[in-house]
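Novice: What follows is a structure written as structure tokens; I'll ask about it next.
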Amino acid sequence: MKLLEGIVVLDFSQYLAGPVSALRLADLGARVIKIERPNAGDGSRQLTLSNLRVDGESTVFQSMNRNKESYAANLKDPDDLAKIKKLIQQADIMIENFRPGSMHKLGLDYESVKALNPGIIYGSITGYGTEGPWKNKPGQDLLVQSMSGLTWLNGDGDQPPVPFGLATIDLHTSSMFVQAVLGLLYQREKTGVGGQVEISLMEAALDFQFEVLSAYINKEPRELQGRSQFRNAHAYLGAPYGIYETQDGHLALAMGSIIALGELLGRADLLQYTDQTSWFHERDEIKQRLNEHLKTRTTQHWLDILEPADYWCAEVLDWERALQHEGIQALDMFQEVVRPSGAVFKTTRYPARVNGHLLKHGKGAPPIGEDTSAINRDFGLERAAENAGGS
């Protein structure tokens with residue numbers, strides 16, 4: 001199923017937030033053409049996780065550039081730039097994530113591109129916006145997590161700030177970005193006019209925290225909420241919210257009544273917390289009592305008590321156990337894509353179903369410039385270079 005069939009996307013971006021945005025559009029059926037530097041390509045081709053490569057290529061690159069085509073072009077070469085400009089005239093969406101001012105120097109900023117193609121939807125992703133003292137700082141996920149206050153939320157109260165163990169902000173940025181791009185695409189269908197989407201990792205990082213930030217900025221007097229000293233899982237939620245040790249593993253408890261929990265677990269000492277405000281103000285004491293009790297029996301023992309009572313809880317699983325569980329296997333969340341060499345790369349699929357259909361695509365990430373000749377032919381780009389040379 002190709003919801004965006006016929007839509008041409010030019011992906012000038014590299015690393016994560018931009019390429020993942022283009023990946024989502026490719027998953028939805030758009031033709032995504034990745035514009036890459038000859039020989040070097042996207043920087044993430046050389047960025048590995050645990051030094052892992054499959055078929056000689058970084059799994060980082062492969063996981064976010066599947067189902068795309070690669071067009072090799074030196075944007076500082078007049079002939080290549082002429083081809084790119086002709087390609088832009090025939091595109092629907094363009095994505096770039098260079099530092100502010102870089103595309104302007106190449107003559108590929110929004111105003112220049114709009115003059116070539118008034119209907120194009122032009123998307124820019126930056127680290128910190130185009131104004132302000134941070135605009136030229138490197139837009140990298142860990143740095144943005146740290147500067148936005150996000151890492152402060154994680155870890156116990158006596159620990160240093162703890163970052164998320166994945167590129168949380170890059171991924172949230174791409175989700176918000178694609179929503180805006182699709183909104184403009186819908187508007188263009190009605191008006192024929194394109195538009196520009198601009199987003200920064202920092203804006204997305206603040207949006208990611210909207211729930212707790214809203215609590216912080218609305219409280220008078222404004223004060224920084226301390227993290228729980230014991231089993232902190234949310235600086236603004238009281239007990240029992242957190243993860244606890246059991247005899248053979250760990251158990252997660254979400255929001256719920258301490259009184260109900262005390263009755264279910266047979267803990268009379270928890271029944272004294274009749275004032276719900278104490279579940280927050282005395283959360284450390286409550287959670288320590290819970291932890292000592294939960295350590296005495298297995299995880300399954302507690303699940304057998306709590307789940308029939310619809311008390312929100314879950315076993316804490318690592319990937320080995322999670323991926324073997326029927327609950328995940330039933331989702332059919334993984335797919336195999338094939339590289340031009342024939343090598344198979346396993347990865348996730350687009351996470352939504354549309355009209356009951358899974359959106360799986362078998363094309364793997366392309367080598368640099370694999371599709372240059374075909375794209376030149378399909379879009380008539382060789383003539384653009386000839387015209388540029390003649391002028």
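All of the numbers you see were taken from the coordinates with simple rules; none came from a lab. Quantities reported herein were computed from a predicted structural model and do not represent experimental measurements. Virtual Cβ from ideal backbone geometry, glycine too; neighbours counted across all protein chains shown.
Novice: With everything on Cα atoms, drop me the angle between helix 17-27 and the longest principal axis of the chain, reported from 0 to 90° to the nearest 10.
Specialist: 80 degrees
Novice: Where does helix 168-191 land angle-wise versus the long Cα axis of the chain, in degrees 0 to 90, nearest 10?
Specialist: Between helix and principal axis, roughly 50 degrees.
Novice: Using a Förster distance of 30 angstrom, determine the FRET efficiency expected from the C-beta separation of ALA352 and TRP319, and round it to 0.05.
Specialist: The calculated FRET efficiency here is 0.85.
Novice: Continuing with this model, one more query. On a 0 to 90° scale, report how tilted helix 283-294 is relative to the longest principal axis of the chain, with both axes built from alpha carbons and the result rounded to the nearest 10.
Specialist: Computed tilt is about 80 degrees.
Novice: Can you tell me the FRET efficiency between LYS295 and LYS2 if r is taken as the Cβ-Cβ distance and R0 is 51 Å, rounded to the nearest 0.05?
Specialist: The formula returns an efficiency of 0.45 here.
Novice: List the relative contact order of the chain as a percent without decimals, with contacts defined as Cα pairs under 8 Å and 6+ residues apart. Walk me through the numbers before you get to the answer.
Specialist: Values: 666 pairs, mean separation 71.8, N = 391.
Once divided by the residue count of the chain, the mean separation gives 18 percent.
Novice: To make sure I understand the rule: partners must be aspartates and glutamates, Cα under 19 Å from the Cα of LYS360, and not fewer than 8 residues away in the same chain. Which ones qualify?
Specialist: The reachable aspartates and glutamates, counting only those whose Cα sits under 19 Å from LYS360, are GLU5, ASP27, GLU69, ASP332, GLU336.
Novice: Among PRO118, LEU237, ALA330, flag the residue with its Cα farthest along the positive direction of the charge dipole of the chain, charges on Cβ as +1 for Lys/Arg and -1 for Asp/Glu.
Specialist: It is PRO118, whose Cα lies furthest towards the positive end.
Novice: Please state the charge dipole magnitude for region 242-324, taken about the Cα centre, from unit charges on C-beta atoms (+1 on K and R, -1 on D and E), reported in debye and rounded to the nearest 20.
Specialist: Dipole of region 242-324, to the nearest 20 debye: 80 debye.
Novice: Can you give the FRET efficiency for GLU189 and LEU116, using 1/(1 + (r/R0)^6), R0 = 22 Å, r = Cβ-Cβ distance, to the nearest 0.05?
Specialist: 0.60
Novice: Multiply the residue gap between MET255 and ASP284 by 0.36 nm, knock off their C-alpha separation, and tell me the result in nm, one decimal place.
Specialist: Residue separation times 0.36 nm, minus the Cα-Cα distance, leaves 8.9 nm.
Novice: Taking neighbour Cβ counts within 10 Å as the exposure measure, how do TRP312, TRP319, TRP134 sort from fewest upward? Walk me through the numbers before you get to the answer.
Specialist: Values: TRP312 13, TRP319 8, TRP134 16.
Fewest to most other Cβ atoms nearby, the residues stand as TRP319, TRP312, TRP134.
Novice: If you don't mind, there's one more thing I want to ask. Along the charge dipole of the chain, which of PHE98, HIS250, ASN136 sits closest to the positive end, that is, farthest toward it, with unit charges on the beta carbon of Lys, Arg, Asp and Glu (+1, +1, -1, -1)?
Specialist: Toward the positive end, the furthest listed residue is PHE98.
Novice: Between region 160-197 and region 25-57, what is the C-alpha centre distance in whole Å?
Specialist: If we compute the Cα centre of each part, the gap is 20 Å.
Novice: So what is the relative contact order for region 27-126, in percent, with contacts set as C-alpha pairs under 8 Å and at least six apart?
Specialist: 24 percent
Novice: Based on DSSP loop calls and a cut-off of at most 10 other Cβ atoms within 10 Å, the longest stretch of the chain free of exposed GluC sites (Glu not before Pro) is what?
Specialist: Maximal segment without exposed cleavage sites: 224-391.
Novice: For the chain, what does -39500 (n - 2.57) per DSSP helix run (n ≥ 4), summed and divided by total residues, give at 222 nm, in deg cm²/dmol to the nearest 500?
Specialist: -10500 deg cm²/dmol
Novice: Can you pick out the pairs among LYS86/LYS363; LYS105/LYS190; LYS2/LYS346; LYS114/LYS346 whose Cα atoms lie more than 30 Å from each other?
Specialist: LYS105/LYS190; LYS114/LYS346
Novice: Also, I was wondering about something else. Check the straight Cα-Cα distances from LYS295 and name the lysines below 16 Å, setting aside those fewer than 8 residues away within the same chain.
Specialist: LYS287
Novice: Specify whether the C-alpha gyration tensor of the chain places it in the rounded, prolate or oblate class, a ≥ b ≥ c being the square roots of the eigenvalues: rounded for a/c under 1.5, otherwise prolate if a/b is larger than b/c and oblate if not. Mind showing how you got there, number by number?
Specialist: Values: a/c = 2.66, a/b = 1.96, b/c = 1.36.
Since a/c reaches 1.5 and a/b is larger than b/c, the shape of the chain is classed as prolate.
Novice: Okay, which of region 103-146 sit inside 13 Å, backbone N to the point 7 Å along the Cα-Cβ direction of TYR216?
Specialist: 145-146
Novice: Just to be sure I understand: of the beta bridges DSSP finds with both ends in the chain, what percent are antiparallel, rounded to 5?
Specialist: Roughly 40 percent of the beta bridges in the chain run antiparallel, per DSSP.
Novice: Most fluctuating residue of MET255, MET103, MET94 in a GNM of the chain with Cα springs under 10 Å: which is it?
Specialist: MET255
Novice: Another one. How high is the relative contact order of region 242-324, in percent, counting Cα pairs under 8 Å that sit 6 or more residues apart?
Specialist: Relative contact order of region 242-324: 42 percent.
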